[in-house]
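Here is the structure we will look at, set down as structure tokens.
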Amino acid sequence: MKSDRLLSILLLLQTRGRVTAGELAERLEVSVRTIYRDIEALSAAGVPVYAERGRHGGIELLAGFRTDVTGLTADESRALFVLAAQGAHAALGLDAALASALRKVMAALPAPHRPAADVTSRRILVDATRWLGGPRPDADLDALRDAVFADRRLLLRYRHGGTGEARTYTVDPYGLVAKAGVWYLVADRRAKPRLFRADRVRSARLLDAPVRRRPGVELADVWAELRRRVEERPGGLDVTARVRRDRLGLFVRIMAPWLAGRPDDSGDGEWVTVRLSYGVLGEARGLLQFGDQVEVVSPPEVRAELARAAASVTRLYAGEG
């Protein structure tokens, strides 16, 4: 609706300052011509908005102009009170600030929307951690958070997975990402995107130098690229296995990172065939956690590897060394 779009333009200008017509058009999914018509409509309604043309031009509000109108709909009010991963705010030291902000938002909501927002906050809870994830090592986010907000370079002492020795890196942070209960620092190192698990950071020190991010690149862009690399990493070792049907749901949840496609469970037999992809042979040992509920069909070297691992465990518990 045009009224919603006008309000969106007004709020974007209040929060962003000068914005180009092209950026507004892209954000609101309309043409540049439509944006200029909307600006004329805002001006006719008494909003002090003006446009400057040229290379460094854009659209902005008269300095000092603010409006406290929220224009929130009932659904938008509910959405604000669905708190995803409340632990994330505590980890950043923002839990008290969040509670205060929500109280202020509640007070500012139109009176008819307040009961729905209050009910939503008590009826909907989003927990971003995975089942059976186990305890996570504590991550000290203070220095990482400070570097992200201060736009400063960061000197890290970082331990990679599978190694005991920490290495030193100078990085340019884009921001912090919480995924499935794990915090990550997204940063450039020598102008190349890198991902650092916060719980593997041994020390972090802010440098005096300002951050050197690639022009026009935002946190969401770098995160999308890094996530794609992880999800599309080459497997190299293709495994075919069969899973007992009554354990398929649990198997899929735990083994999702290694699944190569969706299992075909359209039949009614006891077993369901699944295909997995591993980087190295040793990773396949994780299938042993399912005991006799999962059997590897191929390739032979994976069957042999699991047999050796199972035999070693049997000898250990049988007291044979």
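The values are calculated or read from the model by the stated rules, or taken from the named source; none is laboratory data. Keep in mind the model is a prediction, meaning the values are calculated, not measured. As a convention, Cβ positions derive from the backbone with ideal geometry for all residues, glycine included, and neighbour counts pool all protein chains shown. Accessible surface is based on the protein model in full, side chains and every heavy atom, while ligands, DNA and RNA are left aside. Shrake-Rupley method; radii C 1.70, N 1.55, O 1.52, S 1.80 Å.
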Residue selected from region 57-90 under the condition open to solvent by 40 Å² or more (accessible area, probe 1.4 Å) and of a type in the set (Gly, Ala, Ser), by the criterion modelled with the lowest pLDDT:
Ala84
Scanning region 1-48 residue by residue, the ones that are among the charged types (D, E, K, R), under 28 Å from the mean Cα position of the chain (by Cα) and not in a helix (DSSP H, G or I) total 1
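Looking at this structure, is Arg275 over 29 Å from Val186 (Cα atoms) and either assigned to a strand (DSSP E or B) or in contact with a helix residue (DSSP H, G or I) (Cβ under 6 Å, 6 or more places away or on another chain) (or both)? Step through it out loud before you land on a result.
Values: over 29 Å from Val186 (Cα atoms): yes; either assigned to a strand (DSSP E or B) or in contact with a helix residue (DSSP H, G or I) (Cβ under 6 Å, 6 or more places away or on another chain) (or both): yes.
Answer is yes for this residue.
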So, in region 146-157, of the ones that are open to solvent by less than 50 Å² (accessible area, probe 1.4 Å) and within 9 Å of Ala204 (Cβ to Cβ), which residue ends up modelled with the lowest pLDDT?
Ala147
Evaluate region 163-171: report whether one residue or more is in a helix (DSSP H, G or I) and either open to solvent by less than 60 Å² (accessible area, probe 1.4 Å) or over 30 Å from Arg253 (Cβ atoms) (or both).
no
Is there a residue being more than 14 Å from Ala91 (Cα to Cα), modelled with pLDDT of 90 or more and polar (S, T, N, Q) anywhere in region 162-170?
yes
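Listed residues Val119, Val186; which is surrounded by 12 or more Cβ atoms within 10 Å (Cβ to Cβ), at pLDDT 90 or above, under 30 Å from Leu80 (Cβ atoms) and of a type in the set (Val, Ile, Thr)?
Of Val119, Val186, the one residue that is surrounded by 12 or more Cβ atoms within 10 Å (Cβ to Cβ), at pLDDT 90 or above, under 30 Å from Leu80 (Cβ atoms) and of a type in the set (Val, Ile, Thr) is Val186.
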Residue under evaluation Trp131, criteria (1) at pLDDT below 80; (2) more than 30 Å from Val171 (Cα to Cα); (3) part of a helix (DSSP H, G or I), criterion not met:
(3)
Check region 215-232 and report whether any residue there is closer than 23 Å to Gln289 by Cβ, open to solvent by 50 Å² or more (accessible area, probe 1.4 Å) and not polar (S, T, N, Q).
yes
Residue list for region 22-48, restricted to those being more than 11 Å from Ile59 (Cβ to Cβ), surrounded by fewer than 15 Cβ atoms within 10 Å (Cβ to Cβ) and of a type in the set (S, T, N, Q):
Ser31
Being in a helix (DSSP H, G or I) and of a type in the set (Lys, Arg) narrows it down to one residue among Arg262, Arg285; which is it?
Arg285
Looking at (1) open to solvent by less than 80 Å² (accessible area, probe 1.4 Å); (2) at pLDDT below 90; (3) out of contact with any helix residue (DSSP H, G or I) (no Cβ under 8 Å at 6 or more places or on another chain), which is the only condition Arg253 fails?
(1)
For Ala260, which of the numbered conditions (1) loosely packed, with under 10 Cβ neighbours inside 10 Å; (2) at pLDDT below 90 fails to hold?
(1)
Can you spot a residue in region 232-247 that is touching a helix residue (DSSP H, G or I) at 6+ places or on another chain (Cβ under 8 Å) and part of a helix (DSSP H, G or I)?
yes
Out of everything in region 1-21 that is open to solvent by 40 Å² or more (accessible area, probe 1.4 Å) and small (Gly, Ala, Ser), what residue ends up being nearest to Ala45 (Cα to Cα)?
Ser3
